[in-house]
Amino acid sequence: AGTAFRKGEYEKAANLYDEICARRPLPRYYSALGASLDASGNPGAALEATDQAIKLDPKLGIAHYNRASALAALGEKARARGDLQKVFQVDSSRTLRRAAAEALESLERS
């Protein structure tokens, strides 16, 4: 599924992550499913998947980041901003924090 995502085959990745979630319902898989669905143009379903990831693990920073992307695509900028700010509270990854900061700047400009 990860390989399909990196190749830009987002629908294929979403289908594979959906199968994985059915077998092993782990937060990181729901988060990846959400990212795949969002990238394939389905932010509503992405929101559901990332909500599930956050419900299972509220401290999973990438899930907040992915949910923010879906929220922004749905026009819910205030909620997206809140999720991006949450990344800084729950995740210490410099790469993810940098991406969240860039996404926040982009939200402010749009």
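Data table
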{"item": "Exposure ranking of I62, I54 by accessible area [1.4 Å probe, largest first]", "result": "I62, I54"}
{"item": "Average projected area [Cα convex hull, segment 10-55], square nanometres", "result": "2.4 nm²"}
{"item": "Descending principal axes extents, segment 13-110, alpha-carbon based, whole Å", "result": "39, 27, 20"}
{"item": "Largest-first ordering by accessible area, 1.4 Å probe, given options T95, T50, T3", "result": "T95, T3, T50"}
{"item": "Rg followed by Dmax, in Å, when segment 49-101 is reduced to its Cα trace", "result": "10.0, 28"}
{"item": "Local electrostatic count at L104 - Lys and Arg +1, Asp and Glu -1, tallied over other residues with Cβ under 12 Å", "result": "+2"}
{"item": "Probe 1.4 Å, protein heavy atoms only - accessible area per residue of segment 1-88 in square angstrom", "result": "52 Å²"}
{"item": "Of all accessible heavy-atom area on segment 40-110, the percent that carbon and sulfur account for (1.4 Å)", "result": "47 percent"}
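The values are calculated or read from the model by the stated rules, or taken from the named source; none is laboratory data. The structure presented is a predicted model; accordingly, all values stated were derived computationally and were not measured. Quick reminder, even Gly has a Cβ in these numbers, built from the backbone with ideal geometry, and neighbours come from all protein chains shown. Surface areas here come from the heavy atoms of the whole protein model, side chains and all, with no ligands, DNA or RNA. Shrake-Rupley method; radii C 1.70, N 1.55, O 1.52, S 1.80 Å.
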